[in-house]
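Trainee: Below is a structure I'd like to ask you about.
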Amino acid sequence: MLDILGTIAGNILSLPGIFGLALGMMTRNLLLAAIFGAVIGVIETYIFAGFDFSQAEPLELTIAICVGVVAGCVGRAIRVRGATV
Amino acid sequence: MANNSSNEKRPGFIRRIWNGFWSPSGVLSLGFLLIAGFLGGVMAWGGFHWALEETNTEQFCTSCHSMTKNWDEYTETIHYNNHSGVRATCPDCHVPHEWQYKVKAKIMASKDLYHEIIGTIDTDEKYEDHRLKMATSVWTKMKTTDSRECRNCHSFEYMDFTIQETRAAADHQKALDEGKTCIDCHQGIAHGLPADYLEQYKLIAEGIEAAK
């Protein structure tokens, strides 16, 4: 339980959370925002697995993607709510 | 809300803040907002990072009463006191350097606060009762990360096997060949070991290898 919470928090405070949010803010398209977030999640797991996918933990990958997708969608919501362009 | 009933049109306090937050600013320029946001961000992040590092010192770790026993054991070992004066402190072995794993370790350590308060390991006897369980979680972590924290300082590549004692050199060569990791052989490197540690470690190692 703590293990999963910790992984989620670690992801929110690193690439998926922060870049996901930033990239999400760059689009008004929900699908695109979610894809941006997911891609960041994959990239992060890849980097931290030392550029070797066989080393990546499936659970960590899943959590990174989920956090990225959520962050991208939140970023997109901020864009829609807070900008007219 | 009670204060709202007299005036139906006026939205509630939180609603007004929320609406104001998302309205374009009439008085502040975009540049002002960007610079202010940047400064606020630097301060918030810097402060957060500073606070996190404060919890990453030996003084912080051993400020808990529960940690006095393993502190005493650790001060007898080579990582506390040796001929070169280079040390490994608690966070060196127990907290990863990689940012996201570090955050994870810090979150997981919040349970330690709870156990310090309720006194789960506040006497030597209680500590011994829990040691195997605690050591098991450290071993599991080190085994799955290929002893990542040891490798922040030690590395097979830079070991001169010719000046190591024969047994060490032979075992390290074997470790390289068989893909073994530091904790496979160096349990108890900083603390006392529970009686049945070898069987328990074997179980963990087999479990992890089977899962791969």
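The values are calculated or read from the model by the stated rules, or taken from the named source; none is laboratory data. This is a predicted model, so every value here is computed, not measured. Cβ atoms come from the backbone with ideal geometry, glycine included; neighbour counts cover every protein chain shown.
Trainee: Quick one: would you say A:GLY75 is more than 11 Å from every other protein chain (Cβ to nearest Cβ), of a type outside the set (Phe, Trp, Tyr) and under 11 Å from A:ARG28 (Cα atoms)?
Mentor: Working: more than 11 Å from every other protein chain (Cβ to nearest Cβ): yes; of a type outside the set (Phe, Trp, Tyr): yes; under 11 Å from A:ARG28 (Cα atoms): yes.
Yes, satisfied.
Trainee: Still on this model: Every residue in segment B:44-60 that is under 19 Å from B:LYS104 (Cβ atoms) and not β-branched (Val, Ile, Thr), please.
Mentor: Selection gives B:TRP45, B:PHE48, B:HIS49, B:ALA51, B:LEU52, B:GLU53, B:GLU54, B:ASN56, B:PHE60.
Trainee: Now a separate question. What's the total number of residues in segment B:101-122 that are surrounded by 12 or more Cβ atoms within 10 Å (Cβ to Cβ) and away from chain A (no Cβ under 14 Å)? Spell out the reasoning first.
Mentor: Filtering segment B:101-122 for residues surrounded by 12 or more Cβ atoms within 10 Å (Cβ to Cβ) gives B:101-109, B:111-112, B:115-116, B:120-122.
Adding the requirement that they be away from chain A (no Cβ under 14 Å) leaves B:116, B:120-122.
Looking only at that region, the number is 4.
Trainee: Name the single residue that is nearest to the other protein chains (Cβ to nearest Cβ) among those in segment A:7-33 being surrounded by fewer than 21 Cβ atoms within 10 Å (Cβ to Cβ) and in a helix (DSSP H, G or I).
Mentor: Across segment A:7-33, the extreme among qualifying residues is A:ALA9.
Trainee: Give the residue, chosen from B:GLU76, B:GLU58, B:GLU98, B:GLU128, that is of a type in the set (Asp, Glu) and within 14 Å of another protein chain (Cβ to nearest Cβ).
Mentor: None of the others qualify; the one that does is B:GLU98.
Trainee: Among (1) modelled with pLDDT under 95; (2) in contact with a helix residue (DSSP H, G or I) (Cβ under 7 Å, 6 or more places away or on another chain), which single condition is B:CYS150 missing?
Mentor: Of (1) modelled with pLDDT under 95; (2) in contact with a helix residue (DSSP H, G or I) (Cβ under 7 Å, 6 or more places away or on another chain), only one is false for B:CYS150: (1).
Trainee: Within segment A:34-46, how many residues turn out to be among the β-branched types (Val, Ile, Thr), away from chain B (no Cβ under 12 Å) and surrounded by 18 or more Cβ atoms within 10 Å (Cβ to Cβ)? Don't jump to the end; show me each part of the working.
Mentor: Initially, segment A:34-46 is screened for residues among the β-branched types (Val, Ile, Thr), giving A:35, A:39-40, A:42-43, A:45.
Retained after the next criterion (residues that are away from chain B (no Cβ under 12 Å)): A:35, A:39-40, A:42-43.
Checking which are surrounded by 18 or more Cβ atoms within 10 Å (Cβ to Cβ) leaves us with A:39-40.
Looking only at that region, the number is 2.
Trainee: Name the pairs: first residue in segment B:79-108 and of a type in the set (Gly, Ala, Ser), second residue surrounded by 15 or more Cβ atoms within 10 Å (Cβ to Cβ) and not in a helix (DSSP H, G or I), Cβ to Cβ under 9 Å, at least 6 apart or on different chains?
Mentor: Pairs that qualify, where the first residue is of a type in the set (Gly, Ala, Ser) and the partner is surrounded by 15 or more Cβ atoms within 10 Å (Cβ to Cβ) and not in a helix (DSSP H, G or I), are B:ALA88/B:HIS79; B:ALA88/B:TYR80; B:ALA88/B:GLU149; B:ALA88/B:ALA190; B:ALA105/B:VAL95; B:ALA105/B:PRO96.
Yes/no matrix, rows are residues, columns are (1) of a type in the set (Gly, Ala, Ser); (2) surrounded by 11 or more Cβ atoms within 10 Å (Cβ to Cβ):
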site	(1), (2)
B:ARG15	no, yes
B:TRP18	no, yes
B:LEU30	no, no
B:ALA36	yes, yes
B:TRP45	no, yes
B:PHE60	no, yes
B:CYS64	no, yes
B:GLU73	no, yes
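Trainee: Now for a separate question. What's the number of the only condition in (1) surrounded by 16 or more Cβ atoms within 10 Å (Cβ to Cβ); (2) among the polar types (S, T, N, Q); (3) at negative phi that B:SER155 fails to meet?
Mentor: (1)
Trainee: Counting residues that are under 23 Å from the mean Cα position of the chain (by Cα), which helices (runs of 4 or more DSSP H) fully inside segment B:94-209 reach at least 1?
Mentor: Numbers: elements: B:99-108, B:110-118, B:124-144, B:166-178, B:182-185.
Per the criteria, B:99-108, B:110-118, B:124-144, B:182-185.
Trainee: Further, regarding this structure: Looking at (1) within 10 Å of chain B (Cβ to nearest Cβ); (2) within 14 Å of B:GLN100 (Cα to Cα), can you tell me which one A:LEU2 breaks?
Mentor: (2)
Trainee: Okay, moving on. Quick one: would you say A:GLY82 is more than 26 Å from B:GLU98 (Cα to Cα), without any contact (Cβ under 8 Å) to a residue 40 or more places away in the chain and either touching a Ser or Thr at 6+ places or on another chain (Cβ under 8 Å) or at the interface with another protein chain (Cβ under 9 Å from one of its Cβ atoms) (or both)?
Mentor: Details: more than 26 Å from B:GLU98 (Cα to Cα): yes; without any contact (Cβ under 8 Å) to a residue 40 or more places away in the chain: yes; either touching a Ser or Thr at 6+ places or on another chain (Cβ under 8 Å) or at the interface with another protein chain (Cβ under 9 Å from one of its Cβ atoms) (or both): yes.
Judged against the criteria, A:GLY82 is a match.
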